Amino acid sequence: MEKVMKEKRLSSILFIVVFLCGSTSMAHKPFRQLPQPCNHLVFYFHDVIYNGENAGNATSAIVAAPSWGNRTILSGLNHFGDMVVFDDPITLDNNLHSRPVGRAQGMFFYDKKEIFTAWVAFSFVFNSTNHKGSIDFVGADILMNKTRDISVIGGTGDFFMTRGIATLSTDAMEGEVYFRLRVDINLYECY
Amino acid sequence: MEKVMKEKRLSSILFIVVFLCGSTSMAHKPFRQLPQPCNHLVFYFHDVIYNGENAGNATSAIVAAPSWGNRTILSGLNHFGDMVVFDDPITLDNNLHSRPVGRAQGMFFYDKKEIFTAWVAFSFVFNSTNHKGSIDFVGADILMNKTRDISVIGGTGDFFMTRGIATLSTDAMEGEVYFRLRVDINLYECY
Amino acid sequence: MEKVMKEKRLSSILFIVVFLCGSTSMAHKPFRQLPQPCNHLVFYFHDVIYNGENAGNATSAIVAAPSWGNRTILSGLNHFGDMVVFDDPITLDNNLHSRPVGRAQGMFFYDKKEIFTAWVAFSFVFNSTNHKGSIDFVGADILMNKTRDISVIGGTGDFFMTRGIATLSTDAMEGEVYFRLRVDINLYECY
């Protein structure tokens, strides 16, 4: 009887062990369930694009354009081909004048003639008491959608090797000079 | 005798457990075996580069070039430094006129004077009954090689957080105006 | 007594098994400990930027600039917006004339008016007896820092699907024509 009990107990333990191993192993197999985020962060960033008259305030500038465009005014055809380099303040709320917690640095370019859409590649570079390090983003930013997902492809410092999804939404837009993006970051790989 | 048998059986079970765990554990150690893909996809995409005379058909345009180049005609030195933004239709077969299942949006630039090679960064943006979401690619595209591998670094929607390898091959090339790439995507991380 | 011993031994084995599984399982949970690298590599790469007078030696060229800049001379405001495409030799030591083991191909752009900083996106393309394949990098390169981390976001061939961190340091800088970077690569995902 005692032996049977012991065997049963042993089986249970083994079952748990196998289960634990199994579930880990599953993590590398197709069509696993969506994981829970290991970190969630919300930021805003603010872009003031150079237009020939706002050198003092501008945080970004057109650096490339198709042959029919120029580098001072965004071109026609939904700005197709206009490429913008930016260094935008990141804030915790939607106020341009709040104390920045870091900078969004990178570039985007408009990439469709028929509608307004862009491709983005940038990093959040933090240097605050809360966060040190950087988060790297790339992806298609389908500007006319209320929310759109891009990829978090890496990070350094506090965000060492992270991966996840960032959901962008345009929080404000004033003509072609100022826009503010809300960025909801869900990280699924944290160290 | 019975005890010995039980111990042996136990050892076997433990061996299997250890083996299972071990192999999973290996997944994070160097020089593990190549995994099997969890998804395999094949697409074609079609690029018609703007050359000053094809504004109606062009799906891409030169937006940057070195000082010796211009933005209408690809420059000498194997187009070194010419940067192209594109919005190309993706099809399931090699026919430009097939119904697109999405758009390849991004940029590439030629990056060697001596031979014809490029660096690419783009997304496949799907919006079909079969696929919703996007896949993000970057990498060196050594154009003179029949096939060349680039990295799948992320994705959204159906391709949430995916990673893998895309093998590019030039399926057709007509002068410096049209090219068609075949893209064999092997995904190794699927959710 | 013998039974107790056996149970103890069993417990120890199970503990080890559970520990092994546990540590693997942890690898996908938040706030895990920093892993050990599965590969460490050190390279140097050498950039000679085109300045209008060094066409023969130049390994890179300005291809885009803001409207106040040009593509022959790096612009003011800490070169904000100047974008450079490069094809730089990679060497194992800090000697420009050592036999290259591959090429660093990609681009960077300066992205801050107040200080000297850049955003980089490039690949190491190897073709040596030691390494075949490529490693892909992106990230914010805060040039004034002695060392700065960027993300390794993928790779092909020998570096299939790799991820990790690359630590850049400026090993030499001669005016605005030549710079040499040391790249310490720590890979944490190897296949």
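If you go through the range A:64-91 and keep only what is open to solvent by 30 Å² or more (accessible area, probe 1.4 Å) and either farther than 30 Å from B:Arg71 by Cβ or outside any loop (DSSP other than H, G, I, E, B) (or both), you end up with A:Leu77, A:Asn78. For the range A:92-101, the condition holds for no residue, the condition being that it is modelled with pLDDT of 95 or more and part of a strand (DSSP E or B).
The set of residues in the range B:144-162 that are more than 14 Å from the chain's Cα centre (by Cα) and more than 9 Å from every other protein chain (Cβ to nearest Cβ) comprises B:Met144, B:Asn145, B:Lys146, B:Asp158. Flag: A:Asp171 does not match the condition of being open to solvent by less than 30 Å² (accessible area, probe 1.4 Å) and more than 25 Å from B:Val120 (Cβ to Cβ). Only one entry in B:Phe122, B:Phe160 is among the aromatic types (Phe, Trp, Tyr) and within 22 Å of B:Ala58 (Cα to Cα), namely B:Phe122.
Quick check: anything in the range B:130-142 more than 14 Å from chain A (Cβ to nearest Cβ) and open to solvent by 10 Å² or more (accessible area, probe 1.4 Å)? Looking through the range B:130-142, at least one residue is more than 14 Å from chain A (Cβ to nearest Cβ) and open to solvent by 10 Å² or more (accessible area, probe 1.4 Å). As a summary of the residue check, C:Val125 satisfies the conditions (1) closer than 20 Å to B:Gly154 by Cα; (2) of a type in the set (Val, Ile, Thr); (3) crowded, with 23+ Cβ neighbours inside 10 Å except for the one numbered (1). For the subset of the range A:102-122 comprising residues that are in a loop (DSSP other than H, G, I, E, B) and more than 9 Å from every other protein chain (Cβ to nearest Cβ), which member is least open to solvent (accessible area, probe 1.4 Å)? By that ranking, first place goes to A:Phe116.
The values are calculated or read from the model by the stated rules, or taken from the named source; none is laboratory data. This structure is a prediction, so every number in the text was calculated from the model and none was measured. A quick note on method: Cβ atoms are made from the backbone with ideal geometry, for glycine too, and the neighbour counts reach across all protein chains shown. With ligands, DNA and RNA removed, areas are computed over all heavy atoms of the protein, side chains included. Shrake-Rupley method; radii C 1.70, N 1.55, O 1.52, S 1.80 Å.
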